[in-house]
Structure formats: structure tokens, C-alpha cells
1. Which count do you get for residues in segment 41-53 that are surrounded by fewer than 17 Cβ atoms within 10 Å (Cβ to Cβ) and in a loop (DSSP other than H, G, I, E, B)?
2. Would you confirm, using the coordinates I've provided, whether residue 21 is in contact with a strand residue (DSSP E or B) (Cβ under 9 Å, 6 or more places away or on another chain), more than 22 Å from residue 80 (Cα to Cα) and touching a residue at least 40 places away in the same chain (Cβ under 8 Å)?
3. Filtering segment 38-65 down to residues that are under 17 Å from residue 115 (Cβ atoms) and within 11 Å of the chain's Cα centre (by Cα), which residue is modelled with the lowest pLDDT?
4. Scan segment 76-104 residue by residue and report those that are in contact with a helix residue (DSSP H, G or I) (Cβ under 7 Å, 6 or more places away or on another chain) and either assigned to a strand (DSSP E or B) or buried (at least 21 other Cβ atoms within 10 Å of the Cβ) (or both).
5. Identify, please: which residue in segment 105-125 is assigned to a helix (DSSP H, G or I) and touching a helix residue (DSSP H, G or I) at 6+ places or on another chain (Cβ under 6 Å) and is, among those, modelled with the highest pLDDT?
6. Surrounded by 13 or more Cβ atoms within 10 Å (Cβ to Cβ), within 15 Å of residue 11 (Cβ to Cβ) and in contact (Cβ under 8 Å) with a residue 12 or more places away in the chain, is that true of residue 38?
7. Can you pull out every residue in segment 54-69 that is surrounded by 14 or more Cβ atoms within 10 Å (Cβ to Cβ), touching a residue at least 24 places away in the same chain (Cβ under 8 Å) and closer than 19 Å to residue 87 by Cβ?
């Protein structure tokens, strides 16, 4: 059974060491670069609530995301003042093999870079 609560993206850690730079092939952001999704938030074309709700698990007194690409976008949006809290689903089960982080979930490598223009983020604020 999943429950919902609100957390700051900065309270949530990554479960993987690296992730793809594009979203999967379904939904509003299908096959889009994650950096382009961040650009849309920064430009006001959408907001963080348009990003599907992520699922988190509690492990070793920390929250970990099951949805690392979405978490990356939300963490960057928080850094840029576009959100302070997000709704999350709480799950109570995630297999150990899903945890591949080497940094205790504090960092994630975006394979082939995130794309988009987030590097010039100050121009959007």
C-alpha cells in the first residue's frame, strides 16, 4: 500500500549511480531530454506539478527515489527556486539490486549529459 506525503527534493536521494538523459517512451515527456523538461519549468511552459509524482522508499533513515530522472529535474528546479516541496508516494519495498549508488544517493551521473539549456539557468530567473 502506498501513501502520499510532501518532501523537499533536496531531502531525497538517488538510488542509482547513473541514469539515461531521456525520459521513457510514454507520457507527456516521452523521449525528451531531462534538461529540456527543466527548461520548460524555468521558462514557465509547465510547472513542477506537471511532472508525474515520484515514488520514494525509506532506507537507513533517508529517503530514496525510485524515479531518478524526475528527481534530477525536481532537484534542479528546487535549486533555482521553482519549488520547495513536492508530493511523493511512499513505497515500502524496493529490491536491493535497484540500489546501485556509489555516493549514498547524493549524486547521479546523467549519461550523455542532460541536454537543454540549464547551464544558462540564471537567464531564466
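The values are calculated or read from the model by the stated rules, or taken from the named source; none is laboratory data. On a predicted model such as this, the values are computed, not experimentally measured, just so you know. We place every Cβ from the backbone using ideal geometry, glycine too, and count neighbours over all the protein chains shown.
1. First, pick out the residues of segment 41-53 that are surrounded by fewer than 17 Cβ atoms within 10 Å (Cβ to Cβ): 43-47, 49-50, 52-53.
Filter once more, so that each one left must be in a loop (DSSP other than H, G, I, E, B): 44-47, 52-53.
Qualifying residue count for the region: 6.
2. Numbers: in contact with a strand residue (DSSP E or B) (Cβ under 9 Å, 6 or more places away or on another chain): yes; more than 22 Å from residue 80 (Cα to Cα): no; touching a residue at least 40 places away in the same chain (Cβ under 8 Å): yes.
No.
3. The first filter runs over segment 38-65 and keeps only residues under 17 Å from residue 115 (Cβ atoms), leaving 38-43, 45-46, 51.
Still in the running and within 11 Å of the chain's Cα centre (by Cα): 38, 51.
Working: 38: 93, 51: 89.
Among them, the one singled out is 51.
4. Looking only at segment 76-104, we keep the residues that are in contact with a helix residue (DSSP H, G or I) (Cβ under 7 Å, 6 or more places away or on another chain), and these are 76-78, 80, 82-84, 86.
Across segment 76-104, the qualifying residues are 76, 77, 86.
5. First pass over segment 105-125, keeping only residues assigned to a helix (DSSP H, G or I): 118-124.
Imposing the further condition that a residue be touching a helix residue (DSSP H, G or I) at 6+ places or on another chain (Cβ under 6 Å) reduces the set to 118, 124.
Working: 118: 67, 124: 43.
The qualifying residue modelled with the highest pLDDT is 118.
6. no
7. Keep residues of segment 54-69 that are surrounded by 14 or more Cβ atoms within 10 Å (Cβ to Cβ), which gives 54-57, 59, 62-69.
Imposing the further condition that a residue be touching a residue at least 24 places away in the same chain (Cβ under 8 Å) reduces the set to 54-57, 59, 62-66, 68-69.
Those that are surrounded by 14 or more Cβ atoms within 10 Å (Cβ to Cβ), touching a residue at least 24 places away in the same chain (Cβ under 8 Å) and closer than 19 Å to residue 87 by Cβ: 54, 55, 56, 57, 62, 63, 64, 65, 66, 68, 69.
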